[in-house]
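Below is one structure, written out as structure tokens; the observations come after it.
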Amino acid sequence: MGSREEKEQMVAGIKEKLDKAQSVILADYRGVTVKEFTGLRAQLRNADVDLQVMKNTLGKIAAEQSGVEDVAEYLTGPTVWAFSMGDPASAAKILKEFARTHPHLVLKGGILEKKGFGPKMAETLADLPSREALLAQVAGLLQSPLTGLVRVLQGPINKFGYALEDYRKTQEKSA
């Protein structure tokens, strides 16, 4: 692997990524070819996700140094780390989609807010709507009460307008 100094530099680099990442997804990649990995890397890169294969011992040390809890149990066997630098769900979504057509890739778990989680949570994270979809839902929820308020406020205004129109008509008749 290299000297102790090289390993320390690698751990420092992993720790830095852990500290910057919105989330990390861990997956077993046995059986995935280099060619398939190349396509996956390009797809992940476009989503601001950095894919890295590393020794589990180095990953464990970096996780400990970063204050990440409960992740060691998911670091067995060949493990690829997908660091989501933007949308926390992007790595999970892309890896889950990739695993549908490449069953050799198996989601093991991940890290979110310095806490390790298992494969079920990785699946749940992958199934979350995108950030844009969530913002659109929130905007819709905020708009709904405003629309109702406008209708409620419009009622008295309309009634007042009808009353003024009736008053005007009665004034025209009496004149």
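Brief remarks follow.
- Among residues of the stretch 6-57, those that are among the polar types (S, T, N, Q), more than 19 Å from Leu105 (Cα to Cα) and surrounded by fewer than 17 Cβ atoms within 10 Å (Cβ to Cβ), counted: 3
- Of the strands (runs of 3 or more DSSP E) lying entirely inside the stretch 41-132, the ones with 2 or more residues being farther than 19 Å from Val11 by Cβ and not basic (Lys, Arg) are found at 106-112.
- Every condition in (1) touching a strand residue (DSSP E or B) at 6+ places or on another chain (Cβ under 6 Å); (2) closer than 24 Å to Glu132 by Cα holds for Val80 except the one numbered (2).
The rows are residues; the columns are (1) at pLDDT 90 or above; (2) surrounded by 10 or more Cβ atoms within 10 Å (Cβ to Cβ); (3) over 14 Å from the mean Cα position of the chain (by Cα).
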{"position": "Glu69", "(1), (2), (3)": "yes, yes, yes"}
{"position": "Phe83", "(1), (2), (3)": "yes, yes, no"}
{"position": "Gly110", "(1), (2), (3)": "yes, yes, no"}
{"position": "Pro129", "(1), (2), (3)": "no, yes, no"}
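- Test for Lys60: is it among the basic types (Lys, Arg), over 23 Å from Leu128 (Cα atoms) and open to solvent by 80 Å² or more (accessible area, probe 1.4 Å): no
- For the stretch 1-49, a tally of residues being of a type in the set (Phe, Trp, Tyr) and free of Cβ contacts under 8 Å to residues at least 40 places away in the same chain returns 1.
- For the stretch 1-40, a residue qualifies if it is small (Gly, Ala, Ser) and outside any helix (DSSP H, G or I), and the qualifying residues are Gly2, Ser3, Ala21, Ser23, Ala27, Gly31.
- Taken over the stretch 71-81, the criterion of being touching a Lys or Arg at 6+ places or on another chain (Cβ under 6 Å) and either within 17 Å of Ala99 (Cα to Cα) or open to solvent by less than 10 Å² (accessible area, probe 1.4 Å) (or both) is satisfied by Leu75, Pro78.
The values are calculated or read from the model by the stated rules, or taken from the named source; none is laboratory data. None of the values given here were measured: they were computed from a predicted structure. Note that each Cβ is placed from the backbone with ideal geometry, even for glycine, and that neighbours are counted across all protein chains shown. Accessible surface areas use protein heavy atoms only, side chains included; no ligands, DNA or RNA. Shrake-Rupley method; radii C 1.70, N 1.55, O 1.52, S 1.80 Å.
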